Amino acid sequence: MEIKPVTSQYIYNNSVALQQPTPQRNYCLFDQNKVDCFVKQKEHALPYLNDVLIHSNNEDQITETLYILDRMLDNGTQGIDKMYPALSRFNKSKSPNIQTFLAGIYRKIQIPDAFGPLVSMLIQNSLNPQPSCFDPNEEVGGAILSYISPRFRN
């Protein structure tokens, strides 16, 4: 099966809406066909995903894009660490969803510049917790541990 290049239009127009966590379900539901399409594209999809991270202000789009990047990392896609400038735009996000996926990516790519923002997220969340169906500090704290302790690294 040939994989055709994706375009930014696919991200914006051809997907089932992301379902954010609810009190009955503490995780997001994504359009797995769309996610799989990007994951299969590997490095070829990164420019499009980077474009979304640079330009979108929509929490659902950002959360979905971060989830796709996380899955791509699990699938061995190279070059996601080079996207730190676009990812860092969300370092001060108060969204538990964005924080969770961003911390998961930082945990995997281990960019030294991301350590400080992770600590800031943890402090920010401790001083001013956001209402959420789950605790993003679990992922943020785990990412911090992976930076400071070889024992916790993957």
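Data for the structure
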| quantity | calculated |
| --- | --- |
| Stretchable slack from residue 110 to residue 58, in nm (0.36 nm times residue separation minus alpha-carbon distance) | 16.1 nm |
| Heavy-atom accessible area order for 89, 71, 25, largest first, 1.4 Å probe | 89, 71, 25 |
| Carbon plus sulfur fraction of accessible area for the chain, probe 1.4 Å, in percent | 53 percent |
| More than 17 Å apart - percent of Cα-Cα pairs taken over region 53-130 | 40 percent |
| Within the chain, helix-based [θ] at 222 nm, where runs of 4 or more DSSP H residues each add -39,500 (n - 2.57), nearest 500 | -16500 deg cm²/dmol |
| The chain: projected area of the alpha-carbon convex hull, averaged over directions, in nm² | 9.3 nm² |
| Among 18, 102, 118: highest mean-square fluctuation, GNM of the chain, C-alpha pairs under 10 Å | 18 |
| Full-stretch length increase - residue 94, residue 120 - with 0.36 nm per residue and alpha-carbon distance subtracted | 8.2 nm |
| Å² of accessible area per residue within the chain, as computed with a 1.4 Å probe and no ligands counted | 54 Å² |
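The values are calculated or read from the model by the stated rules, or taken from the named source; none is laboratory data. Since we're looking at a predicted model, the values are computed, not measured. For accessibility, only protein heavy atoms count, side chains too; no ligands or nucleic acids. Shrake-Rupley method; radii C 1.70, N 1.55, O 1.52, S 1.80 Å.
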